Each structure stands twice: as C-alpha cells, then as structure tokens.
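**Q** Dumping the structure here so I can ask a few things about it.
The values are calculated or read from the model by the stated rules, or taken from the named source; none is laboratory data. Because the structure is a prediction, the values reported are computed rather than measured. Please note: Cβ atoms are built from the backbone with ideal geometry, for glycine as well, and neighbour counts cover all protein chains shown. These area figures cover heavy atoms from the full protein model, side chains too; ligands, DNA and RNA do not enter into them. Shrake-Rupley method; radii C 1.70, N 1.55, O 1.52, S 1.80 Å.
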Amino acid sequence: MQDSSGDPGKGLGDLGKGNLGKSDLGKALAAFRNNQPALALRDVERLLNENPEHGHANALKGTILAAQGNAGMAITFLEKALTLLGAPDGALLFNLGRAYQQVGKRLKAKTAFEHAVSCAPDNTQAWFMLARIYQNQDDLEACLHANAQVIRLSESHSDGVALRAGALVEMAKVHLKRKDSQPAKQALDEAARDAPRDPRVHLLLGDVYRLEGEHGLAVESYLQAHELYPNSREGFLNASTLLIHDGELDRAALLLERAMQGAREDRKIISAYSTLLWEMGRDQEYDDLLDYSRFVSATMVENAPSGYDSLTQFHHTLIDDIRNHPTLRGERTTKSTIGGLQTGDIFVHASPAIASFMDLVNRTIEHYISDAAHNTGEPGTVWSEAWNLIGWGVILHSQGYQSPHNHPSGMVSGVYYLQVPTEVDLTRGAPGCIEFGPPNEKFGVRREPPRHHRLPREGMMVLFPSHYWHRTVPFESGEERICIAFDAIPLPRSGAFRPPGEEAS
C-alpha cells in the first residue's frame, strides 16, 4: 500500500479538504497536486518566511519533504504542524508515522499510527501499517484486530479487493503462528476467492497443509506459489525443505541443483543445498561448501574504545543498554531464543556505547572480508563492499539456548560476548558454546551432521558467513550468558569487495 504523503488531499487533513482558492497556500497545494514539488516548496517556504507559525504551511512543507524522501526534515515540520494546529489529525499523524518508519524510528511510528486511528478510526492506511507492525512484534491479538479493521474499511475503498485479500493473508499468518490450521485455511480460502493468483495465498496454504501432515499437497502449493512469482524463491525452498524432510532426496536434488546453477549467492538456497548434500552422503561436497575451519573466525578484543577506562567498563555499559532497551522481551514465536530475553535492533538510535561497538564491528568485518583466506569465491562468500548492520542483545538464563538457525539475508554474521558463565566449556557436550553444523528441525535430517564448537570468552568476537547453521548449546549456571549478535546486510554492490589498494581490473 502506498502512503498518502504524495497526495496532500489525503495527507493534510482539513487543509487537503479545504477550498483555498488563489491564496498562497492554495497555490502551493495545487502545485504539489500537479506533481510540481519544487514549485510547491518555493511557494510554501515564502509563506513560512512571513509566518513561521502557520500550522497548515508547516504541514504542507512536511508532506512535500516526505514525498521527496527527506523524512528527517519532514518529521520536524509535521511535528510542528500538529502542535500548532492543536487538535490531533489522523492524516497528518499517518504521514508522520511513515516518516518515522523511513528513518528507522519504529516505536515512534507505531505510536503515531495508533494516535492516527484513535482520532480517525476509518484511516485504512494507518490500520494497514499497524497490522504489519503488530505482526512483526508477535502482538497477535492486536494484529487480528487491525486486520479486521482493514477488512471492514475495504468495502468502501477503491482498492478494496486487494486490501481484503492482504488482510486475510496477514490473519492467516497469525493463526499459523499459533499452529491453528483451520482458521488459517478459512482465511486463505476467502483470500483465494478475491485473489486466486496471489502467491502468498498458495505459500501459506502450503504451510497449512504441512501443519496438517498433508505433505504432498504442501509441496504442490509451494511450487504453485513459485510458479506464480518466480522472483521469490520462498515457495521453491519450502518445497525443497519438505522433500528433504520426507526423504525424497532425488526430487529435492533436481530442484536445488538447478537453483544453484542460477543463484550461487542465494544464501537460503546454499543452506538448503548443503543439508541435502549431507543427507545424500556427498560428504566431500558438503565439506567444500561449508569450510568451518576457514570461515569461522574468533578474535579477542583487547582494548576498550575511547572514553572507557577498561574493557570491563565498556562491557558493563553495553549490558546496561541491553537490560534497559525498550524492546527487550522474552521468548517470541518467530525468534530462536529459548529460556532468555532478546532485544529488537539495538543499532537503531544507538546509545554512545552501542555506536562505539558498531564501529568495532565494522572494522572487524572489514578485516574479515579483506583476508585472502576468506576471498575464495565459494558460494556464499562473495562479499559486498558496503553493508548495513542490524544487531540484538541476548540474555540467556540457566537452561537457556538458541535453537539452530541462520541469517541468509546477511552476508557476515557474528556474536560478541559480554558475560560468559564459568560453567561454559568445551567438555561434557560443550554447554553454553556456539555450535555450527546441524540445521533446524524443518529438514528432519537422518544423518547427524558434524558439529563444530567455539568456546565463548568475554571480549571475543566470532564472525562467520551468514548462511552457516548455528545454535547455542544449553547450559546450567547461576550466571547469565550475555552477548550481542549482529548481521552485516549487504547493500547493492557495484562490484565484489576488493581489499584496500587493489585496483579494479
């Protein structure tokens, strides 16, 4: 769904509805509606020079800036407009929420959308955005309610059929998270009547069939989703994973080997293909594809960043930031942390200590990808020259662990250890260690893959390719195990990474 920032009639509340005629504000509004943002901005700035406290002019300037992609400046003017106009305005609050989203202020975006629907309950777009936010936060009841509002409003909306289908798909996701197949299937059947060729419907129907044990129907639905939208490999990968689970290895090999020929850097495909290789007894190919001794790198940080007396003080500051982070919460249905707490992305609006930590991570990743030993050209190890970081704090209690998972949207993943209980060691099953090798339970592997362990130490940073399966081995201790995990998400690259000083050929 598009936001309303490009349409002042929808995004400026009373101003957008008004008949401003030939006034200066009216001229600016007309220019914006006629896709002349530069002219609109000139006119509205002239008005603001004369009267900086003009509420509607601030609203229009904020909307223009948001439409131009300058969300940071847009926020300043939209917030000021809401203050000057006095009464809350649903359309302006919606635009403010979208601007917050664009600069990564997720909690403020959620609050803005919630205020938008409180003063304008028929704001379809705000309900739509809230539904997605609640889905991501696993606030399942709120997600169902928001999607119900979208369905209610879709009856009088120009895009009503698409809105209704999208809301039904999101409701099906909620039911599947609860492992409740019948209401999920009912929602998807309704969505299919509105949008029979929507690949999301068939993808989720595959999940329903899998949950019900109808694996043949599940594979058929997954492949149909892929046929409808070949650019997305999710259906294709889900079908391959289920075939491996059911022991149909030759059929899975036909799918995955063809995929590897055309997508050698798709880390989701690589992780599935590596599991297939081991299941088929193709051990040497598996070892060639997952070279743990080469690509799992552990580095000890010896010195604290500037501004900290010691590494211990730096660690304590980071731990306090994690404990006080507003997103810290217990187990979630979509996360791998069991018996502990995990934050959302702590790199958004980073504290001074987190910002220093990000600098440390970036430098370590730069060294990792510039190392000739890590530039072999193997699938999954062609590095982007630019990336964004995401990271989260993890606090594990006694008996806590992280189940097997990987991060295929990243290129390099890692973990930095802030506090490690004395009971964590490499003996007796390696309690509390990070373990590489076995995939998650969806593959139902019959052969036990080799396990590779690294012993955590306070001040240690471990880096590895993002498609490597890994987990935390459960441990018993009166102390907590605290770390920061992170991914380097590759940005579109103009070319493969080259070490400093190496010229392009």
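**Q** Residues that are at negative phi and modelled with pLDDT under 95: find the strands (runs of 3 or more DSSP E) completely inside segment 365-467 holding 1 or more of those. Before you say what the answer is, go through the steps one by one.
**A** On the way: elements: 387-405, 412-419, 434-436, 452-454, 460-465.
The strands (runs of 3 or more DSSP E) meeting that bar are 387-405.
**Q** Are there any helices (runs of 4 or more DSSP H) wholly within segment 157-272 with 2 or more residues that are under 30 Å from Q125 (Cα atoms), and if so which?
**A** Where helices (runs of 4 or more DSSP H) fall fully within segment 157-272 and carry at least 2 residues being under 30 Å from Q125 (Cα atoms), they are 160-177, 181-194, 199-211, 215-228, 234-245.
**Q** If you don't mind, another one. Kindly indicate the residue of segment 26-74 that is more than 21 Å from L93 (Cα to Cα) and of a type in the set (D, E) and also surrounded by the fewest Cβ atoms within 10 Å (Cβ to Cβ) among those meeting that condition.
**A** Only one residue fits best here, namely E50.
**Q** While we're here: Select from segment 347-364 the residues that are among the aliphatic types (A, V, I, L, M) and either part of a helix (DSSP H, G or I) or at pLDDT 95 or above (or both) and list them in ascending order.
**A** A353, I354, A355, M358, L360, V361 - these are the residues of segment 347-364 that are among the aliphatic types (A, V, I, L, M) and either part of a helix (DSSP H, G or I) or at pLDDT 95 or above (or both).
**Q** For segment 236-254, which positions are surrounded by fewer than 19 Cβ atoms within 10 Å (Cβ to Cβ) and hydrophobic (A, V, I, L, M, F, W, C)?
**A** Answer for segment 236-254, where residues must be surrounded by fewer than 19 Cβ atoms within 10 Å (Cβ to Cβ) and hydrophobic (A, V, I, L, M, F, W, C): L249, L254.
Listed here are the residues, each with its yes/no results for (1) out of contact with any Gly (no Cβ under 6 Å at 6 or more places or on another chain); (2) closer than 27 Å to G330 by Cβ; (3) surrounded by fewer than 23 Cβ atoms within 10 Å (Cβ to Cβ); (4) not polar (S, T, N, Q).
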| position | (1), (2), (3), (4) |
| --- | --- |
| K110 | yes, yes, yes, yes |
| E114 | yes, yes, yes, yes |
| D122 | yes, no, yes, yes |
| L130 | yes, yes, no, yes |
| Y134 | yes, yes, yes, yes |
| H145 | yes, yes, yes, yes |
| E155 | yes, no, yes, yes |
| K173 | yes, yes, yes, yes |
| K177 | yes, yes, yes, yes |
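**Q** Further question on the same structure: Determine, yes or no, whether R282 is at pLDDT 95 or above and open to solvent by 10 Å² or more (accessible area, probe 1.4 Å).
**A** For R282, the condition - at pLDDT 95 or above and open to solvent by 10 Å² or more (accessible area, probe 1.4 Å) - is met.
**Q** What do you reckon, is D138 touching a residue at least 60 places away in the same chain (Cβ under 8 Å) and either open to solvent by less than 70 Å² (accessible area, probe 1.4 Å) or acidic (D, E) (or both)? Give the derivation first.
**A** Working: touching a residue at least 60 places away in the same chain (Cβ under 8 Å): yes; either open to solvent by less than 70 Å² (accessible area, probe 1.4 Å) or acidic (D, E) (or both): yes.
Here the answer is yes, as D138 does meet what is asked.
**Q** Considering only segment 198-211, I want to know if a residue exists there that is at pLDDT below 95, touching an Asp or Glu at 6+ places or on another chain (Cβ under 8 Å), open to solvent by 20 Å² or more (accessible area, probe 1.4 Å) and closer than 26 Å to N231 by Cβ.
**A** no
**Q** Working only within segment 458-494, note down all residues that are open to solvent by 10 Å² or more (accessible area, probe 1.4 Å) and more than 23 Å from Q399 (Cβ to Cβ).
**A** The answer is I489, P490, L491, P492, R493, S494.
**Q** While we're looking at this one, here's another question. Between a first residue in segment 436-447 that is in contact (Cβ under 8 Å) with a residue 24 or more places away in the chain and buried (at least 17 other Cβ atoms within 10 Å of the Cβ) and a second residue that is part of a helix (DSSP H, G or I) and of a type in the set (D, E), which pairs have beta carbons less than 9 Å apart while being 6 or more apart in sequence or on different chains?
**A** As it stands, the answer is F443/E279; V445/E279, since those pairs meet every condition given.
**Q** I'd like to know if segment 294-306 contains one or more residues that are assigned to a helix (DSSP H, G or I) and surrounded by fewer than 22 Cβ atoms within 10 Å (Cβ to Cβ).
**A** Checked against the condition, which is being assigned to a helix (DSSP H, G or I) and surrounded by fewer than 22 Cβ atoms within 10 Å (Cβ to Cβ), segment 294-306 yields at least one hit.
**Q** Answer yes or no as to whether D320 is surrounded by fewer than 15 Cβ atoms within 10 Å (Cβ to Cβ) and within 30 Å of E248 (Cβ to Cβ). Before you say what the answer is, go through the steps one by one.
**A** Details: surrounded by fewer than 15 Cβ atoms within 10 Å (Cβ to Cβ): yes; within 30 Å of E248 (Cβ to Cβ): no.
Considered against the rule, which asks whether it is surrounded by fewer than 15 Cβ atoms within 10 Å (Cβ to Cβ) and within 30 Å of E248 (Cβ to Cβ), D320 comes out as no.
**Q** Pull up segment 364-394, narrow it to residues that are open to solvent by less than 40 Å² (accessible area, probe 1.4 Å) and of a type in the set (S, T, N, Q), then point me to the one that is nearest to the chain's Cα centre (by Cα).
**A** For segment 364-394, the residue satisfying everything is S384.
**Q** Among the residues that make up segment 324-334, is at least one of them part of a helix (DSSP H, G or I), surrounded by fewer than 18 Cβ atoms within 10 Å (Cβ to Cβ) and free of Cβ contacts under 8 Å to residues at least 24 places away in the same chain?
**A** Checked segment 324-334: no residue is part of a helix (DSSP H, G or I), surrounded by fewer than 18 Cβ atoms within 10 Å (Cβ to Cβ) and free of Cβ contacts under 8 Å to residues at least 24 places away in the same chain.
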